[in-house]
Amino acid sequence: MIIVLKPKTSKKDEAVVLKEIRKLGYRPHVMRGVERTVIGAIGDERTHGTLETLVTFPQVEKVMPVQKRYKLVSREAHKGNSTIRLGNGVVIGGKKVQVMAGPCSVESEKQLLSTAEAVKAAGATVLRGGAFKPRTSPYEFQGLGEKGLKLLAKARRQTGLAIITELLSEDHAEMVAEYADILQIGTRNAQNFQLLIAAAKTGRPVLLKRGLSMKIEEWLLAGEYILANENPNLLFCERGIRTFETYTRNTLDLSTIPIIKKESHCPIVIDPSQGAGRSDLIVSMCKGSIAMGADALLIEVHPNPAEAWSDGQQQVTLEGFAQLMQELKPFLVAAGRE
Ligand code: PEP
Ligand code: MN
């Protein structure tokens with residue numbers, strides 16, 4: 001930590017700060033400039049007391065961290081790109097941009113299996129579908145629960161697609177992990193730390209959506225909970241944040257792609273469906289995501305979006321999805337991806 005003293009701080013007041021730093025278990029290193037004095041506090045913050053409270057001293061101007069607060073997810077911890085291998089052999093974080101596609105909610109066997117077959121034929125490698133749905137209103141469809149998970153397992157058996165589905169509650173961690181190849185942590189739970197720990201402990205890869213109003217540092221720190229609980233398989237997923245804009249459901253922040261790539265070794269996934277909330281914008285957002293270096297896309301697809309039980313306005317049809325996959329091809333080539 002760096003502690004900056006106010007200009008014209010007396011030696012006596014400086015000594016008070018130095019004494020406190022030593023008391024907390026750190027070694028102070030004093031740097032005297034023309035205008036002001038800066039003190040470096042040397043020591044491991046994980047085992048010593050917090051220095052942040054020094055800001056309450058009247059002679060202290062600010063206290064700043066030198067190191068990043070996230071460690072295991074950071075590029076410093078792992079220089080190369082982490083790759084995540086799923087049960088069906090699919091690798092996320094490699095040259096191939098994986099496409100995870102399927103309905104917002106699992107509704108019925110017919111709906112899920114027809115979607116699974118179609119997205120597989122079009123080139124998707126992971127099937128998405130919510131069995132436990134985090135709905136804004138308690139009066140909206142809440143998901144089929146375990147029945148939905150069983151349908152996802154059936155779709156995996158029939159198509160060979162891996163499964164991603166949302167984990168909503170700690171109580172369901174073991175059950176959902178039994179059926180899923182990737183556990184999705186939704187935007188509303190992105191800082192539900194007990195849920196993150198429970199997800200990490202299942203040992204399944206975890207896809208962590210960015211919270212609705214989450215700063216990137218907070219997102220990286222939430223991801224840190226997964227790695228700190230001995231699960232190395234973390235995927236960050238940008239799904240749009242809440243802004244003043246109402247043309248789109250959320251504002252898809254594509255700047256997170258180069259930022260996550262710079263700060264972390266974990267793959268970055270883009271969900272343009274929750275991001276735009278409009279099916280007509282999905283193709284463009286996918287093209288932009290590929291150009292910017294996304295490792296995977298998470299796209300909502302439904303055989304009949306007009307009759308979907310959730311998020312109908314943003315789901316693409318089976319034909320629309322096949323067309324989208326074709327349109328992305330030249331963009332993958334241009335980006336040096338497959
Ligand atoms: C979803 O993927 O259907 C979903 C509810 O996602 P989010 O948590 O991003 O809103
Ligand atoms: Mn949805």
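Readers should treat all values here as calculations from the given coordinates under stated rules, not as data from a laboratory. Because the structure is predicted, anything quoted here is derived from the model rather than measured. For neighbour counting, all protein chains shown are included, and Cβ atoms are generated from backbone atoms with ideal geometry for every residue, glycine included.
For the stretch 10-52, the equivalent ellipsoid derived from the Cα gyration tensor has semi-axes of 20, 11, 7 Å, listed largest first.
Each residue of the stretch 246-262 was assigned a 3J(HN,Hα) from its phi angle through the Karplus curve 6.51 cos²θ - 1.76 cosθ + 1.60 (θ = phi - 60°); the sequence is 10, 5, 10, 5, 9, 10, 6, 8, 6, 5, 5, 5, x, 5, 5, 4, 6 Hz, with glycine and proline shown as x.
Coordinate range of the alpha-carbon atoms in the stretch 149-203 per principal axis, descending: 35, 19, 15 Å. The angle between the Cα long axis of helix 109-122 and the longest principal axis of the Cα atoms of the chain comes to about 80 degrees, rounded to the nearest 10. Residue exposure proxy: Cys237, Cys266, Cys286, ordered by other Cβ atoms within 10 angstrom of their Cβ from fewest to most, comes out as Cys286, Cys237, Cys266. Here's how it looks for Glu61: its modeled amide H is under 5 Å from those of Val4, Leu5, Lys6, which are all 5 or more places away or on a different chain. Angle of helix 216-228 to the longest C-alpha principal axis of the chain, folded into 0 to 90 degrees and rounded to 10: 80°. Across Gln59, Gln98, Gln315, mean-square fluctuation computed from a Gaussian network of the chain (C-alpha pairs under 10 Å connected) peaks at Gln59. For a 24 Å ceiling on Cα separation, which of these pairs sit above it: Lys8/Lys215; Lys62/Lys209; Lys110/Lys201; Lys96/Lys262; Lys23/Lys215; Lys154/Lys261? Too far apart for the 24 Å limit: Lys8/Lys215; Lys62/Lys209; Lys110/Lys201; Lys23/Lys215; Lys154/Lys261. For the chain, the mean projected area of the C-alpha convex hull, equal to one quarter of the hull surface, is 19.8 nm². Within the listed set Ile257, Ile216, Ile39, the residue fluctuating most in the Gaussian network model of the chain (springs between alpha-carbon atoms under 10 angstrom) is Ile39. Take the convex hull of the alpha carbons in the stretch 199-266; its mean projected area over all directions comes to 4.6 nm². Can you compute log10 of I(q)/I(0) for the stretch 254-338 with the Debye formula, treating each Cα as one identical point scatterer, at q = 0.16, 0.24 Å⁻¹? The calculated log intensity ratios at q = 0.16, 0.24 Å⁻¹ are -0.62, -1.14. Using equal-weight Cα scatterers in the Debye expression, the normalised intensity of the stretch 123-171 in log10 at q = 0.22 Å⁻¹ is -0.79.
Mind running the shape call on the stretch 50-139? Use the C-alpha gyration tensor, a ≥ b ≥ c as the square roots of the eigenvalues: rounded below 1.5 for a/c, prolate if a/b tops b/c, oblate otherwise. Since a/c reaches 1.5 but b/c is at least a/b, the shape of the stretch 50-139 is classed as oblate.
For the chain, the longest principal axis of the alpha carbon atoms and the long axis of helix 146-159 meet at an angle near 70°. Close amide H partners of Ile241, meaning residues 5 or more places away or on another chain with modelled amide H under 5 Å apart, are Thr251, Leu252, Asp253.
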